[in-house]
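Notes follow the structure.
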Amino acid sequence: MKYGDDSKGNPRTRGVLVRRFTGDSTGYTFPTPSPVSLVKEWPENPPFTAKDFFRADENDDETFYTLPRLVYHIDEPAVASLTQYYRNNIAAGSSILDICSSWVSHYPLEFPKIMKRISGTGMNPLELMANDQFNDYEARNLNVSPKLPYDNDSFDVVTCVVSIDYLIHPIEVLKEVRRVLKPGGKVIISQSNRCFPSKAIAMWLNMNDRQHLELINGYLKYAGFGPAKAFDITASVPGQSYNDPMFIVECTK
């Protein structure tokens, strides 16, 4: 039996043989998001150089992502903490865009029923096809063209999950995010400490978790956003000494 064929309405309604992690009915503890102070003062103009965005693997990204990866890139508690954050911080009836997306967007299972629209862009069309929460999707390589295929003021929320570290034009992409957000809309960028090192940009690999949050804040500043807020939303797991951290940087248009 394929997941999705059962009478309980398993979320994999398109028959993909992967289960969703949501944090529901688990022993995980999701503490109140802990604010992280963003204190780095960025200069008026971006201080970045081409070397900052160098990657060990500069070969075609589309080749790297040709084969679909129907796996999680962060552990279950980190995924679950993000899902719970979305549940508590994205209002019902919203139009949502998930950029750099894949077979899963980590939204709560009820979101397709209570949201106005859920759209996605990502590298692999097969992964996007497998994402059963999307109303629509577009395969896009934002490292080739940062342009998003949506009209101005289209979305209430734009999310990006553990992927900002792969973008070689992050400011241009976030300018596009700002363009497609409605006035008062917000971008939610989530980040852990996991990545494909060969595809992550050089300066990211030379930074710690705190510096990553400051860097994302800098990107947002140069993209035209106002002050950002950062949070540590790492879940607590009974009997487990380590699990992947999860951080949020969000900003309002």
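Nothing in this text is a laboratory measurement; each read-out follows from the coordinates by a stated rule. Only a predicted model underlies this, so the values are computations on that prediction, with no experimental measurement involved. Note: ideal-geometry Cβ built from the backbone for every residue, glycine included; neighbour counts use all protein chains shown.
Okay, here's what the table says:
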{"read-out": "Of Gln211, Leu128, Tyr222, farthest towards positive along the dipole that unit charges on Lys, Arg, Asp, Glu beta carbons give region 100-237", "value": "Tyr222"}
{"read-out": "Cα-based radius of gyration of region 128-212 once divided by 2.2 N^0.38 Å, which approximates compact folds", "value": "1.17"}
{"read-out": "Where a label projected 7 Å from the Cα of Ala56 along Cα→Cβ would reach, residues of region 167-198 with amide N under 12 Å", "value": "195-198"}
{"read-out": "Spacing of the two label points (7 Å from each Cα toward its C-beta) at Leu126 and Ser198, in nm", "value": "1.8 nm"}
{"read-out": "For region 163-210: Kirkwood Rh in Å [reciprocal of mean 1/r, alpha carbons]", "value": "12.2 Å"}
{"read-out": "Cα radius of gyration and Dmax for region 171-253 (Å)", "value": "14.3, 45"}
{"read-out": "Value of Rg/Rh across region 71-131 [Cα atoms, Kirkwood radius]", "value": "0.95"}
{"read-out": "Point-to-point label distance, Lys182-Asp151, nm (Cα→Cβ direction, 7 Å offset)", "value": "1.3 nm"}
{"read-out": "Point-charge dipole on Cβ atoms (K/R +1, D/E -1) for region 34-252, about Cα centre, debye to 20", "value": "460 debye"}
{"read-out": "Partner lysines for Lys199 [C-alpha distance under 25 Å; skip if fewer than 8 residues away on the same chain]", "value": "Lys51, Lys147, Lys175, Lys221"}
{"read-out": "Cα pair distances of region 34-252 binned at 10 Å [whole percent]", "value": "8, 35, 41, 16, 1"}
{"read-out": "Which of Phe155, Phe134, Phe231, Phe54 has the fewest Cβ neighbours within 10 Å, and the rest in rising order", "value": "Phe54, Phe231, Phe134, Phe155"}
{"read-out": "For region 62-186, radius of gyration divided by Kirkwood radius, i.e. Rg to Rh on alpha-carbons", "value": "0.93"}
{"read-out": "FRET efficiency estimate (nearest 0.05) - Cβ-Cβ, His169 to Leu205, R0 22 angstrom", "value": "0.80"}
